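Worksheet: one structure, shown below.
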Amino acid sequence: MVKIEAIVRPGVLEDIKEGLSKHGVHGMTVSQVMGCGLQKGRKEVYRGTEYSINLLPKVKVEIVLADKDADGVVEVIIKAARTGEIGDGKIFITKIDNVVRIRTGEKGDAAV
Amino acid sequence: MKNRLGVVTLFALIMIFIFPMFAWAAEEGIDTGDTAWIIISTALVFLMVPGIALFYGGMVRQKNVLNTMMMSFICLGVITIQWVIYGYSLAFGSDIGKFIGDLSYFALNGVGLEPSGTIPHQLFMVFQMMFAILTPALITGAIVERMRFPAYLLFLVLWATLVYDPICHWVWGGGWLMELGALDFAGGTVVHISSGVSALVAALVLGKRKGYGTERLVPHNIPYVVIGAALLWFGWFGFNSGSALAANGLAASVFVNTQVATGAAVMSWVLAEWLRHGKPTMLGAASGAIAGLVAITPACGFVTPMGSLVIGLVAGALCYFAVSYVKVKMGYDDALDVFGIHGVGGIWGALATGLFSVAEGAEGLFYGNATQLGIQVISVGATIVLACVATFVILKLVGAITTLRVDDEAEAMGLDVNEHSEKAYSV
């Protein structure tokens, strides 16, 4: 099994959800995060004093699924999240040792 | 027993006949229209105190919002008591050497419903009380996020007694500046220069907040600031127009001048920052409003609407320059820009009164009378000197009695939890 962590622009979340739903993936965890990378920050001004903000708001989508489904899901996310500009985000894919469904106690692929 | 009852009845009957005569005598010379307007104005000025609590509360970080609001709000308690016991007497009691009032009105002794002008004396007293409450509340913007509350309370009482009451007497209570002919319609020197300059001294004595210049010390709730500015602007109509002490044409012209100058200052502050940073800000518009209100305060009863327009336009840009450039260059941590807005705006307003005044016999420089500008300079200078020296001495004195500043850990944790054991937002 793998975990897909996609850090994306806040505005593309609905497109990702719609794409994943069409692809048959309904389970995910979404959180609001702050981050910085290649994208330049912005400035805020309070009474004439400028503050540069380099941490920008992003959305993190986490999905765990069987190895064979990973590539398809990554394609769906890229399609929804790509604008071509700096700041589109990144996708991290990691191996998962095991998964347990709390309600039934099922383990492994059966639990995702 | 029966005999005593008879005496009491007789006494009561006599009083019923005599008392209305006294009451009627007290009403003579009192104008009901004037009285009604000053009662309303008093309530309007009162509203400025919660207004300043919101204005300042929104500008601090969320861990200090309650302490910041409390420092303004507590003035409603402390100064109310100080004023009725002896503050009013020091400011408006019989003059001693043109410097201070005596204690003839101690505990409001002799302050009854007899006419003071055309309104009851007690009404004049309570109208002035609201000014005395608001003025030290203005100072708190410079000392927020780091001053211990007990030390602040001690400072508050001493400052009201040693700075506000004397300056109030000088300008309005028959003191030497009044005699000299200094023009201060509603409190440019008494309220704004005194609080603004004292705020700068207090900020310097207390020192900078931790993280000043490195951390983001930015407002946690600008909508609060907007509500506060709106309440201040609204209340200021009572502050300025009520200072006519009558419901007449002068009060109406003051109302117009107040609105014109404030609108102009909003525009000039916003335009100045738009030119410099590329965006107009809400905080800037709210700050510009206060700068305009401050600047027109001493002038509002003596100038024309077009004079007010110029005073406001200069005030907005000048105060913006003071907070965004001068403060940064000088490096003092006047946290919420009390000096930059009330000090600088107040000094400009007091001098502008000497430029734009059309008051008969006290015309300003632009109307051919240079003397008035000289008098205004003297009143500004005297207020600055007293406020600087007295505030410095008071803070040294308070500092000798108790610790002025919270320790580093308390400052990092926030003053709400450390000074008051409560949090503004519990979720």
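The numbers here are math on the coordinates, done by the rules we state, and not lab data. This one's a predicted model, so the numbers in the text were calculated from it and none came from an experiment. With ideal geometry, Cβ positions are generated from the backbone for all residues, glycine too; neighbour counts draw on all protein chains shown.
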Checklist line | Estimated Rh, region B:305-403: Kirkwood, alpha-carbon pairs, angstrom | finding: 15.4
Next item on the list: Can you find, among B:384, B:395, B:57, the residue farthest towards the positive end of the dipole of the protein assembly as shown? Put +1 on the C-beta of Lys and Arg, -1 on that of Asp and Glu.
Entry: B:57
Next item on the list: Starting from the Cα of residue B:358, step 7 Å along the direction of its Cβ; do the same at residue B:423; then give the gap between the two resulting points in nm.
Entry: 5.8
Checklist line | Of A:93, A:38, A:110, farthest towards positive along the dipole that unit charges on Lys, Arg, Asp, Glu beta carbons give chain A | finding: A:38
Checklist line | Fewest-first sequence of B:192, B:277, B:121 by Cβ atoms within 10 Å of each Cβ | finding: B:277, B:121, B:192
Margin query: To check my understanding: the extent here is largest minus smallest coordinate of the Cα atoms along each principal axis. What are those three numbers for the protein assembly as shown, in Å, largest first?
Written below: 105, 77, 47
Checklist line | Computed FRET value (nearest 0.05) for residue B:230 with residue B:104, which takes r as the C-beta separation and R₀ as 45 Å | finding: 0.65
Note to self: I need the phi-derived Karplus couplings for region A:2-19: 6.51 cos²θ - 1.76 cosθ + 1.60, θ = phi - 60°, integer Hz, Gly and Pro marked x.
What the structure shows: 10, 10, 9, 10, 10, 9, 10, 5, x, x, 9, 4, 4, 5, 5, 4, 5, x
Note to self: Please arrange B:198, B:357, B:324, A:31 by how many other C-beta atoms lie within 10 Å of their C-beta, fewest to most.
What the structure shows: A:31, B:324, B:357, B:198
Notebook entry, point to check: Across every pair of different alpha-carbon atoms, what Kirkwood hydrodynamic radius in Å does region A:1-99 reach?
Noted result: 14.7
Notebook entry, point to check: Within chain B, what is the longest stretch that has no trypsin sites (Lys or Arg not before Pro) placed in a DSSP loop and near at most 16 other beta-carbon atoms within 10 Å?
Noted result: B:217-422
Check: How large is the charge dipole for the protein assembly as shown, taken about the Cα centre, if only the Cβ atoms of Lys, Arg (+1) and Asp, Glu (-1) carry charge, to the nearest 20 debye?
Finding: 1380
Next item on the list: Would you mind giving the three semi-axes, in whole Å and largest first, of the ellipsoid equivalent to chain B according to its Cα gyration tensor?
Entry: 37, 28, 20
Check: Under a point spin-label approximation (7 Å from Cα along Cα-to-Cβ), what is the residue A:97-residue A:111 distance to one decimal in nm?
Finding: 1.2
Checklist line | Nearest-0.05 FRET efficiency for residue B:401 and residue B:304, computed from C-beta distance (R0 45 Å) | finding: 0.35
Item checked: region A:2-111, relative contact order [Cα under 8 Å, separation at least 6], % -> 42
Check: When Lys and Arg each count +1 and Asp and Glu each count -1, what net charge do the other residues less than 10 Å away from residue A:30, Cβ to Cβ, add up to?
Finding: +1
Next item on the list: State which stretch of chain B is the longest one without any exposed GluC sites (Glu not before Pro), exposure meaning a DSSP loop state and at most 14 other Cβ atoms within 10 Å.
Entry: B:29-214
Checklist line | Spin-label pair residue A:104/residue B:393, simplified geometry with 7 Å Cα→Cβ offset, distance in nm | finding: 8.5
Notebook entry, point to check: Would you list B:388, B:75, B:319 from fewest to most Cβ contacts within 10 Å?
Noted result: B:388, B:75, B:319
Notebook entry, point to check: Which residue, chosen from A:1, A:52, A:28, occupies the Cα position most advanced towards the positive end of the dipole of chain A, where the dipole is computed from +1 (Lys, Arg) and -1 (Asp, Glu) charges on Cβ about the Cα centre?
Noted result: A:52
Next item on the list: Quick one: which residues, 5+ away or cross-chain, put their amide H under 5 Å from the amide H of residue A:53? H built at 1.01 Å from N.
Entry: A:42, A:43, A:44
Next item on the list: Net charge near residue A:44: determine it from the other residues with C-beta under 13 Å of the C-beta of residue A:44, scoring Lys and Arg +1 and Asp and Glu -1.
Entry: +3
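Charges at C-beta only: +1 for Lys and Arg, -1 for Asp and Glu. How large is the resulting dipole of chain B about its Cα centre, in Debye rounded to 20? Please report the intermediate quantities before stating the final value.
Working: 18 positive and 25 negative charges, 191 e Å.
The dipole magnitude comes to about 920 debye.
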Next item on the list: Return the loop-located GluC sites (Glu not before Pro) in region A:68-112 (DSSP other than H, G, I, E, B) with at most 10 other Cβ atoms within 10 Å of their own Cβ; answer none if there are none.
Entry: A:85
Next item on the list: Let me know the volume per residue of the alpha-carbon convex hull for region B:176-294, in Å³.
Entry: 143
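At 27 angstrom or more along the helix axis (alpha-carbon based) and mean Kyte-Doolittle of -0.5 or higher, what helices does chain B contain? Whole DSSP H runs only.
B:2-27, B:32-59, B:121-143, B:222-241, B:249-277, B:370-401
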Notebook entry, point to check: Taking springs between alpha-carbon atoms closer than 10 angstrom, which of B:191, B:344, B:157 fluctuates most in the Gaussian network model of chain B?
Noted result: B:157
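So which trypsin sites (Lys or Arg not before Pro) in region A:12-60 are both in a DSSP loop and have at most 16 other Cβ atoms within 10 Å of their Cβ? Could the numbers behind the result be given before it?
Values: sites: A:17, A:22, A:40, A:42, A:43, A:47, A:58, A:60; in loops: A:40, A:47.
Passing sites in region A:12-60 are A:40.
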Check: What whole number of Å gives the distance from the Cα centroid of region B:281-323 to the Cα centroid of region B:154-222?
Finding: 18
Next item on the list: May I ask you to derive the relative contact order of region B:27-420, considering only C-alpha pairs under 8 Å and at least 6 residues apart, and to give it as an integer percent?
Entry: 23
